[in-house]
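The values are calculated or read from the model by the stated rules, or taken from the named source; none is laboratory data. Treat the numbers as computed from the prediction; the structure is a model and nothing was measured. Note that each Cβ is placed from the backbone with ideal geometry, even for glycine, and that neighbours are counted across all protein chains shown.
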Amino acid sequence: MTERLTPDEAGLDRAAELLRAGALVAFPTETVYGLGADARDDRAVARIFEAKGRPRFNPLIVHVSSLAEAGELVAIDAAARALAERFWPGPLTLVLPLREGAGIAPLVSAGLVTLAVRVPGAGIARDLLARVGRPVAAPSANPSGRISPTRAEHVLAGLDGRIEAVLDGGPALVGVESTILAPGPDGTRLLRPGGVSAEDAEAVLGAGLLPPDQGVTPSAPGQLASHYAPRGRVRLNAASPEAGETFLGFGPGPAELSPTGDLLSLSPTGDLVEAAARLFHCLQELDAAGAERIAVAPVPETGLGRAINDRLRRAAAPRA
Ligand code: AMP
Ligand code: MG
């Protein structure tokens, strides 16, 4: 059963308590209803993808209650600060370099070194975020492939029974998603048009916006601009490793330890939520271990397994 909460003191406290306990809570923003989870809780974030039935681990937007809180998670340069000061709280998302030690679950940014953040305009959303006291990852609160919800009834129509609660704050006002901008060393890229117009953003920057595929994206070894993949060559559906391969397990069976002592298994018990929660940790551990050839145990093509296999197949695809 999905709890239906009203945005009074008791309802906001309950929603915040649920989020801090790792539950999924849908809440109204000024753009659409978001499906929130504690962005520092790997399992809670994995459950977002499960509840939505997303076939891919695309990165999520993290919602915070203030610019100061955003500054604890990402590096804010002059362009980003000017945009944030003008449009936050509001329908603008900024993609910025993730700070080391921010503690964000790697699944939130799909292993990338950048993080998408915003301070939502709706008072209810900011009240909730201030009570949670932690960053909240939230894509739109609809099953994958369906239209974004602008009312609590729409959320329940798609996700009733799959999430712990919905905070009913009436209709979302903007109804379109946030504009996504990525400020960088050679200009600001427009990644998605939305509630803040390109012209208004350009007026603040005193410069034109770049197309999505132009300009420099922060990167690190093993990290492509568009998605994270380990440096090593990846072989999928491996029953066991061949000589020279490092094995990434799933389910009962052999599992190695990484040099940092982490178990190189997506989930020893074969739990797909745990596997999704650990996927990017494990890929990063394989990089840290200097694995040049990686064999991955079979993962079933059901539920979250589809998104896990999508990412593993991309990691295994030939690269330049
Ligand atoms: P949604 O949460 O459904 O509104 O979608 C989030 C959007 O933000 C997707 O289009 C993502 O591709 C984009 N996004 C989130 N994080 C990043 C990032 N680090 N780099 C580029 N795009 C991002
Ligand atoms: Mg969406």
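Name the residues in the range 122-141 that are over 14 Å from Leu12 (Cβ atoms) and either crowded, with 21+ Cβ neighbours inside 10 Å or among the hydrophobic types (A, V, I, L, M, F, W, C) (or both), would you?
Pro135, Ala137, Ala138, Pro139, Ser140, Ala141
Checking Asp310 against (1) outside any loop (DSSP other than H, G, I, E, B); (2) over 18 Å from Ile48 (Cβ atoms); (3) of a type in the set (Asp, Glu), which single condition isn't satisfied?
Going through (1) outside any loop (DSSP other than H, G, I, E, B); (2) over 18 Å from Ile48 (Cβ atoms); (3) of a type in the set (Asp, Glu) one by one, Asp310 breaks only (2).
Looking at the range 128-154, which of its residues are assigned to a helix (DSSP H, G or I) and either touching a residue at least 12 places away in the same chain (Cβ under 8 Å) or within 14 Å of ligand 1 (Cβ to nearest atom) (or both)?
Leu128, Leu129, Ala130, Arg131, Val132, Ala152, His154
Pick out the one residue from Ala125, Ala157 that is in a helix (DSSP H, G or I), without any contact (Cβ under 8 Å) to a residue 12 or more places away in the chain and either within 22 Å of Arg54 (Cβ to Cβ) or under 18 Å from the mean Cα position of the chain (by Cα) (or both).
One residue alone meets the criteria, Ala157.
In the range 186-209, is there at least one residue being modelled with pLDDT of 90 or more, within 16 Å of ligand 1 (Cβ to nearest atom) and polar (S, T, N, Q)?
yes
I need the helices (runs of 4 or more DSSP H) fully contained in the range 1-98, keeping only those with at least 1 residues that are free of Cβ contacts under 8 Å to residues at least 24 places away in the same chain and either surrounded by fewer than 20 Cβ atoms within 10 Å (Cβ to Cβ) or within 11 Å of ligand 1 (Cβ to nearest atom) (or both).
9-20, 67-73, 78-87
Starting from the range 289-318, keep only residues that are within 11 Å of Leu236 (Cβ to Cβ), then list their pairs with residues that are crowded, with 18+ Cβ neighbours inside 10 Å and among the charged types (D, E, K, R) whose Cβ atoms are within a distance under 6 Å, requiring at least 6 positions of separation or different chains.
Ala295/Glu245
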